[in-house]
1. Under the Karplus relation 6.51 cos²θ - 1.76 cosθ + 1.60, θ = phi - 60°, what is the ordered set of whole-Hz ³J(HN,Hα) values for the stretch A:293-299, x standing for Gly and Pro?
2. Rounding to the nearest 10 and keeping the result within 0 to 90°, find how far the Cα-based axis of helix A:16-40 lies from the longest principal axis of chain A.
3. Checking the a/c ratio against 1.5 first, then a/b against b/c, what shape does the Cα gyration tensor give for the stretch A:311-407?
4. Can I get the semi-axes of the stretch B:75-153's equivalent ellipsoid? Compute them from the C-alpha gyration tensor as square roots of 5 times the eigenvalues, in angstrom, largest first.
5. With an 8 Å cut-off on Cα pairs and a minimum separation of 6 or more residues, tell me the relative contact order of the stretch B:79-171 in percent.
6. My understanding is that a pair violates if its Cα-Cα distance is over 29 Å; which of A:LYS521/B:LYS531; A:LYS452/A:LYS560; A:LYS452/A:LYS489; A:LYS207/B:LYS489; A:LYS147/A:LYS290 do that in this structure?
7. Any idea what the relative contact order of the stretch A:135-221 is, in percent, if you count C-alpha pairs under 8 Å spaced at least 6 apart?
8. For a quick check: with amide H placed at 1.01 Å from N, whose amide H comes under 5 Å from B:ASN501's, ignoring anything fewer than 5 positions away on the same chain?
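The values are calculated or read from the model by the stated rules, or taken from the named source; none is laboratory data. This structure is a prediction, so every number in the text was calculated from the model and none was measured. Cβ: placed from backbone, ideal geometry, glycine included. Neighbour counts: every protein chain shown. The area values use the complete protein model at the heavy-atom level, side chains included, leaving out ligands, DNA and RNA. Shrake-Rupley method; radii C 1.70, N 1.55, O 1.52, S 1.80 Å.
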There are 2 protein chains.
Amino acid sequence: MRLLPEWLAHYQKTKLPGDLTAGLIVTVMLIPQSLAYAMLAGLPPEIGLYASVLPLVAYALLGSSMTLAVGPVAVASLMTASALQPLAQPGSEQYVVLAATLAFLSGIMLLAFGLLRLGFLANFLSHPVISGFISGSAILITVSQLKHLFGLTTNAGNVFQEVYQLLALLPQANPATTALGLGTLIFLFFARTYLSGVLQKIGLKQKTASLISRLAPMVAVIVSIITVAQWDLAAEAGVAIVGEVPAGLPSLNVLVPNMNHLAALWLPALLISLVGFVESVSVAQSLALKRQERIQPNRELLGLGAANMASALSGGYPVTGGFARSVVNFAAGANTPLAGVISAVLMAIVIASLTGLFHHLPQAVLSATIIIAVTALVDFSTFKAAWQYDRADALSLVVTLIGVLLLGVEAGVLIGVALSLAVLVWRSSRPHIAIVGRVPGTEHFRNVRRHKVDTLPNLLALRVDESLFFANASLVQSHIERCVAANPKVEYVLLLCPAVNQIDSTALEALTQLQESLSAKGIQFMLAEVKGPVMDRLHETHLGRALEGLIFLSAHDAFKFVEERNLDSLAFSR
Amino acid sequence: MRLLPEWLAHYQKTKLPGDLTAGLIVTVMLIPQSLAYAMLAGLPPEIGLYASVLPLVAYALLGSSMTLAVGPVAVASLMTASALQPLAQPGSEQYVVLAATLAFLSGIMLLAFGLLRLGFLANFLSHPVISGFISGSAILITVSQLKHLFGLTTNAGNVFQEVYQLLALLPQANPATTALGLGTLIFLFFARTYLSGVLQKIGLKQKTASLISRLAPMVAVIVSIITVAQWDLAAEAGVAIVGEVPAGLPSLNVLVPNMNHLAALWLPALLISLVGFVESVSVAQSLALKRQERIQPNRELLGLGAANMASALSGGYPVTGGFARSVVNFAAGANTPLAGVISAVLMAIVIASLTGLFHHLPQAVLSATIIIAVTALVDFSTFKAAWQYDRADALSLVVTLIGVLLLGVEAGVLIGVALSLAVLVWRSSRPHIAIVGRVPGTEHFRNVRRHKVDTLPNLLALRVDESLFFANASLVQSHIERCVAANPKVEYVLLLCPAVNQIDSTALEALTQLQESLSAKGIQFMLAEVKGPVMDRLHETHLGRALEGLIFLSAHDAFKFVEERNLDSLAFSR
């Protein structure tokens, strides 16, 4: 391995302006987001800031994306809260240690997956499951933040109770908090929806306008801090504020996790790692494609793993690549991960000397920031596309979403994975089996129901469109037996296997039985178009020996074989 | 539906002698087995007898096999004991009611599966899992019976503790019981192994000799009853005997199961149903094939369901088709299920008037009967075949077996099923992808590594040997991207889909991304040999529209298309 990453070893000065601009803009987004997501995770605000320094540098050194912006994100923060709340009091010292432990575990797992090249594990999360999971999480997060918007306190066990309690408590809402919260929400909503258009009308370029509109949360933060400080709304009107944020960079601590924590945290850490990895890779990939760059999934694992280790080391909590910040980073002209390093340096300066500025920041404003950020994650289009293309995928999506809302993030994602596996097996267990014939004048064989094809009266040629394995072996066997029983002229049964990628022991036994039973009826069983890897294993078996000379390279060869036999027997009978 | 089953409506007198002989011989096997398996299930002996009357008649009316012998079997008895022992004291009234409830639930489930044509559910149990399960159960049963052989009492929690306790207690074995138990075991072992051969040497036909050797357990029962009664070994030497077996046919009771029982018993009932069904069907099928008969899985579900309902109604416990008795039934000449009805009538006569004869029957003799019966079920050959053909299947078998031994029958079978599903997904997630070319002079395309084939320098033709779905979509995508990156001459990428039986939403998105990224590089993406059902769904999608005119019926057509384009551009460049 090189000591310096490729982008740094060959850094070109022309890339610096883009990286500087992007680094600065992302920092302006990152400050309110890191405070807000720490609050969402149940952590003191400074933990969000800590998670926004070293992890960015670690990713820059090991990751493969030029534009991914790493740091605290909404979904991982929700998953952190959900994992830790049963174990400790949110905001307590114990809770903070557990959060760093979670980042540590997640970092270890990601690094291990990267070194073992296990990036494929993330493939077990299908897009519909991910989409349902993200949408469900976004709804959960939004509902969880509503109480801060109105200055209320709830003690609900699930999302429906929460909504119910909020409605009941609404008359007791704190007026000043509500004004600040709803005001910010409306301001951010309009900024997101219309600001870019307005700025373009007054002459700004589309790109500039779109970037400026991304700074709205920082504007809301500054304005609200001034407002609260000016009239001392915390003391005078009971507005909940962030309060004291310790200044100074975090001390580096090597965690020695205790075994009880590991037992309680390994599953949440695994799920946070996989979900975070999948999300990061998909953002990084879609941005890389726009510039004809390539990202390497196993390098991403190393980058994210190192980022989480760095987060744990500096007292942070689980981080991953964020969707909105990465898009802004890309749009603002980031050319290399140096943009991330610049963000990290700026964040370090903020932490070292400017945390006092956040004292009067109202929690309601942070909540409004979170709500506006996560509602953009609710994804109807994937559901619509899945519903049109594949109902079973749409079902997986909806069940995952409902699972997240009713049972929480961990159970939701596990249910989604189990369901998508079940759908897979269910489909493979009902294979499409077609009776085929030869397309006239060609060597191709197609379904007799879909194409006009030639057949031979004493040859039953079937194509099974699935690997043969335990869940479909006896179905295929009895289907063929039925076809033979329905057609007394049959003297040859030909099974075309272009789609048979595997034959397991159970299916081998079924085929062996089939061959024996056909043979007892005087019918010859033949195979064609058997794949190389399948053939290699078949040769050694009883069935392979019984079928010697009856396994053909192509259906055409088998067809010719039967035609010739028919001519022979005709000649003989004459 | 007909009122009378086919076999009864058209019964031919010539079939009667075979059915009578078989019915009689099976009854002689059934008497000791039903007493022994009831003991194995933790039930009073008469429950085994009750389960051997009405269930046989019910199966005869609804089942489709001509030769399956239904009644108490070893594995279902073990599963009954394992399900009920946490809920009630073996042998207690409550335990007996729960056993009938289990039969009732199993009957309902089997009938429902039959009516809903859900027989395919049994396909989720692969042969290796079934084999591991049966072997594991046989070992469990053997170990559980050893204590009776020596007249000992144990309180072990698992099979290893049991063996350990037995070894420790062996010096305290009851001498008379041990003599009877080991004597019977040795007698039955020699009868099974050598008796048939000896009888053939003295002039009997092979079939007759083999049938007579099956009567050995009944001989052991009679001899031991006489021995114990003659010297009053129960009182004089402490030999545990069956004791009072109530005479008289069971009263019919309609069960009204209580909800708590249902909650505790549904899973065991489901597993007993599925395992029993799979075993019955495989025995019935292998016997039917020998006579060119056919069995219908959904009719089997109805037959076994009715048999279990009948068992519940008459105070029995779960029943299914037994392996050994079915083979004997077949060999003894059973032509129709009338043989089963004859067994039922004979069993009813025994219950009504002859139960007094069993009073002095030693439990050790029953245990020896069980051990000899189940050790025949331990199956090494499936393991050997699986090990040679498919290591993953061999692993499923071994893990299921160990699961049964360590965690019990239910956990064992569930672990086996989960593992075989995991193996399936794992395999599908690493698809075989081959670069292919045209076999000279044909229209066939084969792997460039396995065959001498023609290729075009600007065409990359790949065949992926798996359905495309979430677990392999991004692997296939990045594999193709890598092949393209490695080969800068490529202007056309052709994906051959003869083995692609499904494309799910996740894979559709991956292919769409791939097409867009190739298109951005000026490379044309093409498909060939797309299956009808896949094509139907693809047409409606964004990708389908983007590929219009680039989806070819055969790889050959796509090859010609590129060749013509190459000629055109050559002509143009001239």
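1. Result, rounded to whole Hz: 9, 10, 10, 10, x, 6, 5.
2. 80
3. The shape class here is prolate.
4. For the stretch B:75-153, the semi-axes come out at 28, 21, 7 Å.
5. Computed over the stretch B:79-171, the figure is 14 percent.
6. Beyond 29 Å between Cα atoms: A:LYS521/B:LYS531; A:LYS207/B:LYS489; A:LYS147/A:LYS290.
7. Reported relative contact order: 23 percent.
8. Residues meeting the criterion, in which the H sits 1.01 Å from N, are B:SER467, B:LEU468.
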